[in-house]
Amino acid sequence: MSSLPSLLSMMSQLIATPSISCSQASWDQSNKGVILLLENWLSSQGFQCEVMPLPGQPDKMNLIATIGQGAGGLVLSGHTDTVPYDDDRWQSDPFKLEERDNKLYGLGTCDMKGFFAIVLDTLRDMDLSKLKQPLIILATADEESSMDGARALVEAGRPKARYALIGEPTSLTPIHAHKGIMMEKVRITGKAGHSSNPGLGNNALDAMHSVMSELMVYRHGLKEKYRDANFVIDYPTMNFGCIHGGDNPNRICGRCELEFDIRALPGMSNESLYQEIRNLLPAIERQTNTQIELHHLFADVPSFSTAKESDIIKACERLTQKEATTVAFATEGPFLNQLGMETLILGPGSIDQAHQPNEFMALDQIVPMQHVIKGLVERYCLTPSTENK
Ligand SMILES: [Zn+2]
């Protein structure tokens, strides 16, 4: 095997290769540079590498790197993109890895390019020619914006393995569940007119009042019906985020828009929630003589849950000496679960530093993460028991 660069050299190269993904086109960049670095290093270690451009987005791509064969095995997964950055709030160059106070600073150090460098550095000491089940390194595109990379993998039905770990920053705590996210917009079109005579128009703000009342009743119903003690906020939430409508007090409001999000618990279906909300609207349309539409602002992310009894959850609880818990952020976990893999989220660095100026990974996260990776590769790929094949 040809030799790999040092851990810090790999991390610096990944950080120095911009791969911002953003729903604003002015920020959005290709992730090709990061994929090529990983492909190069993984190939040098004997992995078969497959670069998969996303449908209709040739400069965005996933990488599936596989070594070994079998129906079981392990996926170690991460996203290659980062969020945008506030240049004037960084104390150092976000694209230059800098070590200060036992921390590694740079955009993507903890979220989550650093994870790939740690994985590669761990594997260098392991004899991968002896694998009994496959080890797959998965690197995805656009997790921070659309999750289109993970969605494309579900479409393609790949990769397949028995277990998966996503190395998002969880301060080395195993995560077995998170809520889903959907973001929706209600648009009401009425009819404007002079305010002196209500009969001259159909007021979209009046109609929005009815919509919001119905949604609040619906929200209360969800809270009554669904509880999950695994979460700090143990019920599904709905937040009214913004409202825009009308122009002048002496005009009947002709148009009004409301944007809201819903964070569903595991076991709830985003699609059902959407349909139930849709079904509330026709009665209000009739009463108010308006037209009411419901639109997705973004494609939804399903809730994520892996059974706490799953072998990989138990194994990671032992390796970290920490009990599995839940988080308030969303990941690609539900998509990997849809592919049939028992998935958990566990990685170095803290989510408190992610998406912030001066993002860092503390150096003390590295060795314990390597211990987890080594333990999982041994358990599921090198010496798998019959139950784990
Ligand atoms: Zn992330």
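Every number in this text was worked out from the coordinates using simple rules, so none of it is lab data. Quantities reported herein were computed from a predicted structural model and do not represent experimental measurements. When we count neighbours, we look across all protein chains shown, and the Cβ atoms used for this are built from the backbone with ideal geometry, even at glycine.
Which residue, 136, 175, 188, has the most motion in a Gaussian network model of the chain that connects Cα atoms within less than 10 Å?
Comparing 136, 175, 188 in a Gaussian network model of the chain, the most mobile one is 188.
Please give the net charge around residue 259, taking every other residue with its beta carbon less than 11 angstrom from that of residue 259, where Lys and Arg add +1 and Asp and Glu add -1.
Working: positive: 185, 187; negative: 184, 257, 261.
For residues surrounding residue 259, the net value is -1.
Which parts of region 325-342 would a label at residue 307 reach, counting a residue when its backbone N lies under 16 Å from a point 7 Å out along Cα-to-Cβ?
What the label zone holds, given the 16 Å backbone N cut-off, is 337-338, 340-342.
What length, rounded to one decimal in nm, is gained on full extension from residue 101 through to residue 298, with 0.36 nm per residue of separation minus their alpha-carbon distance?
Details: separation 197, 0.36 × 197 = 70.92 nm, distance 3.94 nm.
Taking 0.36 nm per residue and subtracting the Cα distance, the gain is 67.0 nm.
Please state the Cα pair-distance histogram of region 159-313 with 5 angstrom bins from zero: what percent is in each bin?
P(r) over region 159-313, rounded to whole percents: 2, 8, 15, 16, 15, 12, 9, 7, 5, 4, 3, 2, 1, 0.
Output the 0 to 90 degree angle, nearest 10, between the alpha-carbon long axis of helix 311-320 and the longest principal axis computed from the alpha carbons of the chain.
Computed tilt is about 70 degrees.
Working from the alpha-carbon coordinates of the chain, get Rg over Rh, Rh being the Kirkwood radius.
On the way: Rg = 23.9 Å, Rh = 22.7 Å.
Here Rg/Rh amounts to 1.05.
Looking at region 9-113, which trypsin sites (Lys or Arg not before Pro) are in a loop (DSSP not H, G, I, E or B) and have at most 16 other Cβ atoms within 10 Å? Don't skip to the end; give the middle numbers.
Working: sites: 32, 60, 89, 96, 100, 103, 113; in loops: 96.
Loop-located and lightly packed - 96.
Round to the nearest 0.05 the FRET efficiency obtained for residue 88 and residue 352 when R0 = 25 Å and r is the Cβ-Cβ distance. Before the final figure, lay out the partial values.
Values: r = 21 Å, r/R0 = 0.84.
Computed FRET efficiency for residue 88 and residue 352: 0.75.
So what's the angle, to the nearest 10 degrees on a 0 to 90 scale, between helix 113-123 and the longest Cα principal axis of the chain?
30
Using R₀ = 56 Å, calculate the FRET efficiency as 1/(1 + (r/R₀)^6) where r is the Cβ-Cβ separation of residue 200 and residue 338; round to 0.05.
Values: r = 52 Å, r/R0 = 0.93.
Working from the Cβ atoms, E equals 0.60.
Divide by every residue of the chain the summed helix terms, -39500 (n - 2.57) for each DSSP H run of at least 4, and state the resulting mean residue ellipticity at 222 nm, rounded to the nearest 500 deg cm²/dmol.
On the way: 9 runs with 111 residues, N = 389.
Value at 222 nm, helices only, nearest 500: -9000 deg cm²/dmol.
Contact order normalised by length for the chain, with contacts defined as Cα pairs under 8 Å and 6 or more residues apart; what percent is it? The partial results should precede the final answer.
Values: 875 pairs, mean separation 93.3, N = 389.
Worked out over the chain, it gives 24 percent.
Listing 85, 105 from the residue with the fewest other Cβ atoms within 10 Å to the one with the most, what is the order? Don't skip to the end; give the middle numbers.
Numbers: 85 20, 105 23.
In order of increasing Cβ crowding within 10 Å: 85, 105.
Just to confirm the number: angle between the C-alpha axis of helix 204-225 and the first principal axis of the chain, 0 to 90 degrees, nearest 10?
50
In region 285-372, with Lys and Arg counted as +1 and Asp and Glu as -1 at Cβ, which of these residues, 331, 353, 366, has the Cα nearest the positive end of the dipole, that is, farthest along it?
366
What aspartates and glutamates does residue 103 reach when the alpha-carbon gap must be under 16 Å and sequence neighbours fewer than 8 apart in one chain are set aside?
93, 111, 352, 359, 364
If we count other beta carbons within 10 Å of each Cβ, what is the order of 255, 162, 227, fewest first? Working shown, then result.
Numbers: 255 19, 162 23, 227 12.
Ordered by Cβ neighbours within 10 Å, fewest first: 227, 255, 162.
Report the local net charge at residue 285: Lys and Arg +1, Asp and Glu -1, summed over other residues whose C-beta lies under 15 Å from its C-beta.
On the way: positive: 187, 191, 255, 278, 286; negative: 206, 214, 293.
Taking every Cβ under 15 Å from that of residue 285, the sum is +2.
Which pairs in the list 179/223; 113/185; 60/113; 132/160; 132/374 are over 22 Å apart, alpha-carbon to alpha-carbon? Please list the in-between numbers first.
On the way: 179/223 14 Å; 113/185 34 Å; 60/113 16 Å; 132/160 16 Å; 132/374 15 Å.
Pairs exceeding 22 Å: 113/185.
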